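The block underneath contains the structure these notes are about, expressed in structure tokens.
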Amino acid sequence: MLHRLSSSVSALGAQVIDMVLRLGYATRFMLLTLRQSTTCLMRPSLIVRELYYTGTLSMVIILVSGLFVGMVLALQGYQTLVTYGSESVLGVLVALSLVRELGPVIAALLFASRAGSAMTAEIGLMKATEQLAAMEMMAVDPIARVVAPRFWAGLLSMPLLAALFSAMGIFGGYIVGVVLIGVDEGSFWSQMQSAVDVREDILNGVIKSVVFGIAITWIALFEGYDAPPTAEGVSGATTRTVVTSSLAVLGLDFILTSFMFRGV
Amino acid sequence: MQRSMLDLWVGLFVIAGLAALVVLAFKVGNMSSTGAGETYSLQANFDNIGGLKPRAPVKSAGVVVGRVTRIEFNNDRFTAKVTLTINKAVQFPKDSTAAILTSGLLGEQYVGIDGGGDGEMFKAGDNIRLTQSAVVLEKLISQFMFDKAAQGQPNAQK
């Protein structure tokens, strides 16, 4: 009995120690990536190639989902606002919720599952097929050549994708609210413009999306780099990337929001 | 994929993203109205500001001429010290009055400035002397009730 208890306690302890070890390794990996970034910053063509895969290819899903999210927001918002006779603030509702929250967060979740998982799978497979080891044999640092360009591409494309999402969502809200339901167009835009502050709302949204971009690419690259070099290992790492980065995005969003929008 | 095609698509993506940011800043945000451009600040002390918040508009004759930038408690006079940022192009005479008003029945509160007739204009950092506080509903109702009670007394004695 006592023996079983002690073994389960030690198993729990081993798990915690393993987690701390992995976190330490991940931090070291991140610092190493930042230190090895000079190579890819000197050769932007490496980043451009990754921008195509993380940014351009994510554009369609971001634009379409942004449009639908904006349309649903306008539809639902109208139902609630019309009971108080204040449907003229529909534009404010749609714009503020998109720019502050939904734009960065949903774009980040889509980015994690669209681009993050691909990053992990690619690097994990490179490791499994010993391409990374081959690079080291040729005196090419895989972190400088493979990891760092992906990190910078993710960091750059995330705010652009979030801005596209928000702009498309507001356009979707405009289509449903003004064109289909018939909210007054003038008050839709003018109330929105008087309520949305460039620094307070839009810039904070951009900051949020940059933080999410860093978190997602960091998790995705580390999981790929750390994946066991087997088929199961790579698939497990891909799943962990999506789960961990989605949780990280939502948790970070709460922390950032509580810092940024404190009862203004 | 070919090198030039790749660059083209990435370029398109970056342009679209930046365009979305510009649209957000100018069409959705208030970059085009006040917030940019030359401004100066004025101060006003109110006995009660009600629900006034920073960033609330400052209007004169219904036109937005500035924004509320800061609200503090003045512990010497037990009043609220409100800092207003006004467009440089708009000048007010020294005897102008500032009042806290409400747009609509349940709308947001804003600061309204009524221009006076003084020849001298406010300079940056000046204090608006004549102010009118926000209307507090409870005070209004109690005043109304006391008035009614005071009116009712002589009638009862008749």
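The values are calculated or read from the model by the stated rules, or taken from the named source; none is laboratory data. Source: prediction; values computed, not measured. Positions of Cβ are backbone-derived with ideal geometry, glycine not excepted, and every protein chain shown enters the neighbour counts.
Mind listing just one residue for me: the one in the range B:50-79 that is within 11 Å of chain A (Cβ to nearest Cβ) and not in a strand (DSSP E or B) and, of those, farthest from residue B:138 (Cα to Cα)?
My answer is B:55.
What's the number of the condition residue B:38 fails, among (1) modelled with pLDDT under 85; (2) exposed (fewer than 13 other Cβ atoms within 10 Å of the Cβ); (3) under 30 Å from residue A:167 (Cα atoms); (4) within 13 Å of chain A (Cβ to nearest Cβ)?
Against the list (1) modelled with pLDDT under 85; (2) exposed (fewer than 13 other Cβ atoms within 10 Å of the Cβ); (3) under 30 Å from residue A:167 (Cα atoms); (4) within 13 Å of chain A (Cβ to nearest Cβ), residue B:38 comes up short only on (4).
I'd like to verify a number: residues in the range A:139-148 that are modelled with pLDDT of 90 or more and closer than 26 Å to residue A:231 by Cβ, how many?
1
Given the criteria within 21 Å of residue A:69 (Cβ to Cβ) and surrounded by fewer than 21 Cβ atoms within 10 Å (Cβ to Cβ), does residue A:212 qualify?
It is false that residue A:212 is within 21 Å of residue A:69 (Cβ to Cβ) and surrounded by fewer than 21 Cβ atoms within 10 Å (Cβ to Cβ).
Matching residues to (1) within 13 Å of chain B (Cβ to nearest Cβ); (2) exposed (fewer than 13 other Cβ atoms within 10 Å of the Cβ); (3) over 30 Å from residue B:3 (Cβ atoms); (4) in contact with a Phe, Trp or Tyr (Cβ under 8 Å, 6 or more places away or on another chain):
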site	(1), (2), (3), (4)
A:33	no, no, no, yes
A:36	no, no, no, no
A:67	yes, no, yes, yes
A:77	no, no, yes, no
A:82	no, no, yes, no
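Conditions (1) modelled with pLDDT under 90; (2) within 25 Å of residue A:218 (Cα to Cα); (3) hydrophobic (A, V, I, L, M, F, W, C), marked per residue:
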| position | (1), (2), (3) |
| --- | --- |
| A:12 | no, no, yes |
| A:16 | no, yes, yes |
| A:24 | no, yes, no |
| A:40 | yes, yes, yes |
| A:46 | yes, yes, yes |
| A:60 | no, yes, yes |
| A:65 | no, yes, no |
| A:72 | no, no, yes |
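What are the residue pairs meeting all of these: first residue in the range A:38-59, first residue more than 7 Å from chain B (Cβ to nearest Cβ) and among the acidic types (Asp, Glu), second residue in a helix (DSSP H, G or I) and buried (at least 17 other Cβ atoms within 10 Å of the Cβ), Cβ atoms under 7 Å, and 6 or more apart or on different chains?
A:50/A:149; A:50/A:150; A:50/A:153
Does residue B:84 satisfy being under 15 Å from residue B:126 (Cα atoms), more than 10 Å from chain A (Cβ to nearest Cβ), outside any loop (DSSP other than H, G, I, E, B) and touching a strand residue (DSSP E or B) at 6+ places or on another chain (Cβ under 9 Å)? Explain how you work it out, then say what you get.
Values: under 15 Å from residue B:126 (Cα atoms): yes; more than 10 Å from chain A (Cβ to nearest Cβ): yes; outside any loop (DSSP other than H, G, I, E, B): yes; touching a strand residue (DSSP E or B) at 6+ places or on another chain (Cβ under 9 Å): yes.
The answer is yes for residue B:84.
Under 6 Å between Cβ atoms, which residue pairs at least 6 apart in sequence (or on different chains) link something in the range B:44-59 that is not assigned by TED's automatic domain parsing to the domain that holds residue B:107 with a partner that is loosely packed, with under 15 Cβ neighbours inside 10 Å and not in a loop (DSSP other than H, G, I, E, B)?
none
Rundown of residues vs (1) at the interface with chain B (Cβ under 9 Å from one of its Cβ atoms); (2) under 22 Å from the mean Cα position of the chain (by Cα); (3) not basic (Lys, Arg), yes/no style:
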{"residue": "A:154", "(1), (2), (3)": "no, yes, yes"}
{"residue": "A:157", "(1), (2), (3)": "yes, yes, yes"}
{"residue": "A:160", "(1), (2), (3)": "yes, yes, yes"}
{"residue": "A:168", "(1), (2), (3)": "yes, yes, yes"}
{"residue": "A:175", "(1), (2), (3)": "no, no, yes"}
{"residue": "A:179", "(1), (2), (3)": "no, no, yes"}
{"residue": "A:192", "(1), (2), (3)": "yes, no, yes"}
{"residue": "A:197", "(1), (2), (3)": "yes, no, yes"}
